[in-house]
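Notes to accompany the following structure.
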Amino acid sequence: MTNFHMAPVAGDMRVLLIVAVFLAPVRAASEKLPWDVLIFSQQWPITSCISHKQHDPGASCNLFPNMTTWTVHGIWPTKLGTRGPNFCNSSWHFQEKEIIDIEDYLIKYWGNIYAEDPRTSLWNHEWLKHGTCAALLPQLDSERKYFGKGLEWVMQYDILAVLTKSNILPSDVMTYDVKSIFQAVNNAFGVDPAIDCIYDKKTREHILSQIKLCFNPALKLVDCDGIVGLHTQILGNCPIEGITYANTVRNAGKTYKYPKELAVAHTRAWEAAKSRCSSWVCRALVYIYILTWITL
């Protein structure tokens, strides 16, 4: 009887031991990291341009004709309850040659919006400040991996498509409440995002600016609860209601307008890519194929 009862216990212990052996490297890696989550921040280019021109009325923006969606601002390693760490290796300088094979995609999906700055300035800044800290994780331990992950995520977690599917579209007339924006993202991805706005002193509008998703060190989506922000139920700095999702900006002597038709076509491309593609490169090619008939 003793042997009969002990056999399954021994088997269970072996299973637990095997699991512990496989999980030990992951747990050890996480314990050594000086951060808890990666904040993946996407920005709406029109709002970023409005903000840029607020700070410098004479400034202009790089709103490329092929910049058709929300773009990456950065992937930011973050310790919950604080900001950073930042600049984890000041000697690990940005090298454009390391990402030259994906540079065309970065211009489109992780582009520098400030026209006065060099083309590579945003990438240089993001790598030195945040990438060198993200690189403590083996999955992100090179420029190519770090920026490639941003391209993968911006196409997989497509904010424009998610908002469009919830009938939240760029408009200078309509306004939205933060709960609707939050719910659209939460319903799509199953986690709590953080939602940020800017305040336009000239028009007295709160304008949707950035939406952030959070990932744990295993690169799995998690709630953004615990990141630094206002102590509200919905993370971010937007008001409860009256949020503008801007679709126009005056830039370089002309008005840049984002048409509703483009948002709808982009969403159709995202849906098609989801069913056909397993890589971000495939997704990008599907976008190009479906969106070729539209110009800004």
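The values are calculated or read from the model by the stated rules, or taken from the named source; none is laboratory data. In this text the structure is predicted, and so the values were computed from the model without any measurement. Because the Cβ atoms are built from the backbone with ideal geometry, glycine has one as well, and the counts that use them run over all protein chains shown. These area figures cover heavy atoms from the full protein model, side chains too; ligands, DNA and RNA do not enter into them. Shrake-Rupley method; radii C 1.70, N 1.55, O 1.52, S 1.80 Å.
Go through the residues of segment 244-251 one by one and say whether even a single one is open to solvent by 20 Å² or more (accessible area, probe 1.4 Å) and closer than 25 Å to Ala115 by Cβ. Scanning segment 244-251 turns up at least one residue that is open to solvent by 20 Å² or more (accessible area, probe 1.4 Å) and closer than 25 Å to Ala115 by Cβ.
Would you confirm, using the coordinates I've provided, whether Asn186 is out of contact with any Leu (no Cβ under 7 Å at 6 or more places or on another chain), under 19 Å from Ile159 (Cβ atoms), free of Cβ contacts under 8 Å to residues at least 12 places away in the same chain and among the polar types (S, T, N, Q)?
Judged against the criteria, Asn186 is a match.
Name every residue in segment 68-79 that is crowded, with 19+ Cβ neighbours inside 10 Å, farther than 17 Å from Leu169 by Cβ and more than 13 Å from the chain's Cα centre (by Cα), in order of residue number. Within segment 68-79, Thr78 is the sole residue that qualifies.
Residue-by-condition table, conditions (1) among the polar types (S, T, N, Q); (2) touching an Asp or Glu at 6+ places or on another chain (Cβ under 9 Å); (3) farther than 25 Å from Cys61 by Cα:
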| residue | (1), (2), (3) |
| --- | --- |
| Gly84 | no, no, yes |
| Asp101 | no, no, no |
| Lys108 | no, no, no |
| Glu116 | no, yes, no |
| Asp141 | no, no, yes |
| Arg144 | no, yes, yes |
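Among the candidates Lys254, Lys220, the residue that is among the basic types (Lys, Arg) and either crowded, with 21+ Cβ neighbours inside 10 Å or over 17 Å from Glu152 (Cα atoms) (or both) is uniquely Lys254. When segment 38-51 is filtered for residues that are aliphatic (A, V, I, L, M) and open to solvent by 10 Å² or more (accessible area, probe 1.4 Å), the ones remaining, listed by number, are Ile39, Ile50. Does segment 68-84 contain at least one residue that is modelled with pLDDT under 95, in a helix (DSSP H, G or I) and among the β-branched types (Val, Ile, Thr)? Looking for residues that are modelled with pLDDT under 95, in a helix (DSSP H, G or I) and among the β-branched types (Val, Ile, Thr), one finds none in segment 68-84, hence no. Across segment 87-111, the number of residues qualifying as farther than 18 Å from Gly148 by Cβ and either surrounded by 14 or more Cβ atoms within 10 Å (Cβ to Cβ) or touching a His at 6+ places or on another chain (Cβ under 7 Å) (or both) comes to 1. When restricted to residues that are closer than 24 Å to Lys79 by Cβ and more than 17 Å from the chain's Cα centre (by Cα), segment 191-228 contains 1. Give the residue that is surrounded by the most Cβ atoms within 10 Å (Cβ to Cβ), with candidates limited to residues of segment 202-217 that are charged (D, E, K, R) and either under 22 Å from Ala184 (Cα atoms) or modelled with pLDDT under 90 (or both). In this case the residue turns out to be Lys212. When we screen Lys149, Lys129, Lys145 for residues that are part of a helix (DSSP H, G or I), of a type outside the set (Asp, Glu) and open to solvent by 60 Å² or more (accessible area, probe 1.4 Å), the only hit is Lys145. In segment 68-79, the count of residues that are basic (Lys, Arg) and without any contact (Cβ under 8 Å) to a residue 40 or more places away in the chain is zero. The conditions of being touching an Asp or Glu at 6+ places or on another chain (Cβ under 8 Å), in a helix (DSSP H, G or I) and crowded, with 16+ Cβ neighbours inside 10 Å are not met by Ala184.
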